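The values are calculated or read from the model by the stated rules, or taken from the named source; none is laboratory data. Keep in mind that this is a model prediction, so the values were computed, not measured. Using ideal geometry, Cβ is built from the backbone for each residue, glycine included, and neighbour counts are taken over all protein chains shown. All accessible areas refer to the heavy atoms of the entire protein, side chains included, with ligands and DNA or RNA removed. Shrake-Rupley method; radii C 1.70, N 1.55, O 1.52, S 1.80 Å.
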Amino acid sequence: QVQLVESGGGLVQAGGSLRLSCTAFGGTFRSAAMGWFRQAPGKERQFVATITWNGGNTYYADSVKGRFIISRDNAKNTAYLQMNSLKPEDTAVYFCARSTLTIVTTYAFHYDLWGQGTQVTVSS
């Protein structure tokens, strides 16, 4: 059974950077788009970024556009989220997810497999 495991979260000061990783164990996600979502305390899960199965197309939430970069390495069954110029409002648990589609989608119901999440805390 395929599992997604995120890593790379932590505490960082505003303006700093973090790179999150999401690795698939027990299988691959090479034919699927991948996405990153986040959930802050007391708030709904929010779309962050997505990438097509071959990395040819990406899409970002307006709140992170120009600061975050999503990428993937299918040979390593790993997706990444490079987060730069972090702000306190980026503080959340970040989840990676596998899409049922090959194209980009921002809707959580299009994702059928989720990781356990990794905490990102940005101090001011």
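Can you tell me which residue among Val120, Val93, Val64 is without any contact (Cβ under 8 Å) to a residue 40 or more places away in the chain and either farther than 19 Å from Phe29 by Cα or of a type in the set (Gly, Ala, Ser) (or both)? Outline the logic, then answer.
Working: Val120 fails: without any contact (Cβ under 8 Å) to a residue 40 or more places away in the chain; Val93 fails: without any contact (Cβ under 8 Å) to a residue 40 or more places away in the chain.
Answer to the selection: Val64.
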Across (1) modelled with pLDDT of 95 or more; (2) open to solvent by less than 30 Å² (accessible area, probe 1.4 Å); (3) under 21 Å from Gly55 (Cβ atoms), Gly16 clears everything bar (3)
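Would the stretch 27-49 turn up any residue that is in a helix (DSSP H, G or I) and within 25 Å of Ser124 (Cβ to Cβ)? Let's see the steps before the verdict.
Applying the first criterion (in a helix (DSSP H, G or I)) to the stretch 27-49 yields none.
No; the residues of the stretch 27-49 include none that is in a helix (DSSP H, G or I) and within 25 Å of Ser124 (Cβ to Cβ).
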Of the residues in the stretch 74-89, those that are modelled with pLDDT under 95 and loosely packed, with under 15 Cβ neighbours inside 10 Å come to Ala75, Lys76
task = Report yes if Ile69 is more than 15 Å from the chain's Cα centre (by Cα), of a type outside the set (Gly, Ala, Ser), within 20 Å of Thr23 (Cα to Cα) and open to solvent by 50 Å² or more (accessible area, probe 1.4 Å), otherwise no.
result = no
Checked the stretch 50-66 for anything open to solvent by 50 Å² or more (accessible area, probe 1.4 Å) and either out of contact with any strand residue (DSSP E or B) (no Cβ under 9 Å at 6 or more places or on another chain) or of a type outside the set (Ser, Thr, Tyr) (or both); matches are Trp53, Asn54, Gly56, Asn57, Asp62, Lys65, Gly66
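Quick check: anything in the stretch 90-99 farther than 19 Å from Gly10 by Cα, open to solvent by less than 50 Å² (accessible area, probe 1.4 Å) and aliphatic (A, V, I, L, M)?
Step one: of the stretch 90-99, the residues farther than 19 Å from Gly10 by Cα are 97-99.
Narrowing further to those that are open to solvent by less than 50 Å² (accessible area, probe 1.4 Å): 97, 99.
Now drop any that are not aliphatic (A, V, I, L, M), which leaves 97.
Checked against the condition, which is being farther than 19 Å from Gly10 by Cα, open to solvent by less than 50 Å² (accessible area, probe 1.4 Å) and aliphatic (A, V, I, L, M), the stretch 90-99 yields at least one hit.
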Within the stretch 100-117, of all residues that are surrounded by fewer than 22 Cβ atoms within 10 Å (Cβ to Cβ) and among the hydroxyl-bearing types (Ser, Thr, Tyr), the one modelled with the lowest pLDDT is Thr102
